[in-house]
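The values are calculated or read from the model by the stated rules, or taken from the named source; none is laboratory data. Keep in mind that this is a model prediction, so the values were computed, not measured. Cβ placement follows ideal geometry from the backbone for every residue including glycine, while neighbour counts extend to all protein chains displayed. In case anyone asks, the SASA skips ligands and DNA or RNA and just uses the protein heavy atoms, side chains included. Shrake-Rupley method; radii C 1.70, N 1.55, O 1.52, S 1.80 Å.
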Amino acid sequence: EYFKEALLRFSANPKLYRELIVRYQDRILFGLDLIVTEERYKDREWLTAMIKAYRDMLEKEEFTFFDLPGITLHGLNLDRVILRKIYFANFQRLMRLKSF
């Protein structure tokens with residue numbers, strides 16, 4: 001439920017959250033707070049759909065989420081340079097890893 005609420009909150013004001021991320025783009029790392037248990041529904045398809053929703057929120061202007069049927073959400077539509085930082089360049093810099 002908390003993830004649905006978060007998606008709705010981001011969707012209600014994507015400009016605000018986008019501006020926050022753009023401003024602090026060198027300080028943000030991508031990570032998931034998924035709780036994976038042995039529940040039957042938490043299979044590979046569920047995990048893939050959850051990861052897709054997190055990425056859609058960052059990457060797309062509009063998207064849907066399987067657990068909010070009939071609702072079109074507004075994403076942050078971040079550009080490729082910022083996404084690259086969030087997904088791995090900031091982590092590489094933090095850990096002092098060589099770029100590849």
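If I require 20 Å or longer along the helix axis, counting alpha carbons, and a Kyte-Doolittle average no lower than -0.5, what helices from the chain are left? Use full DSSP H segments. Kindly include the intermediate steps, with their values, before the conclusion.
Values: long enough: 44-59 (22 Å, -0.43).
Span-like helices here: 44-59.
Taking a probe of 1.4 angstrom, what is the accessible area of Glu19 in Å², to the nearest 10?
100 Å²
Return the lysines within reach of Lys15: Cα separation strictly under 30 angstrom, same-chain partners fewer than 8 residues apart disregarded; answer none if there are no such residues.
Lys4, Lys52, Lys60, Lys85
Given points 7 Å out from each Cα along the Cα-Cβ axis, report the Lys52 to Thr37 separation in nanometres with one decimal.
2.4 nm
Can you give the accessible area of Tyr24, probe radius 1.4 Å, in Å² rounded to 10?
80 Å²
Per residue and in Å³, how big is the convex hull formed by the alpha-carbon atoms of the chain?
About 118 Å³ per residue, rounded to a whole number.
Round to a whole number: what % of the accessible area of the chain belongs to carbon and sulfur, probe 1.4 Å?
On the way: 4150 of 7560 Å².
After summing per-atom areas, the C and S share lands at 55 percent.
Which whole-number value in Å² is the accessible area per residue of the chain, probe 1.4 Å?
76 Å²
Scan the range 1-71 for trypsin sites (Lys or Arg not before Pro) in coil per DSSP, keeping those whose Cβ has at most 15 other Cβ atoms within 10 Å, and list them by number.
For trypsin sites (Lys or Arg not before Pro) across the range 1-71 that sit outside H, G, I, E and B with at most 15 neighbouring Cβ atoms in 10 Å, the list reads Arg27, Arg40, Lys42, Lys60.
Taking 0.36 nm per residue of sequence separation and subtracting the Cα-Cα distance, how much length would be gained by fully extending the chain between Arg96 and Asp26, in nm to one decimal?
Result: 23.8 nm gained on full extension.
Full-extension gain between Glu61 and Phe88, please, as 0.36 nm times their residue separation minus the C-alpha to C-alpha distance.
Residue separation times 0.36 nm, minus the Cα-Cα distance, leaves 7.6 nm.
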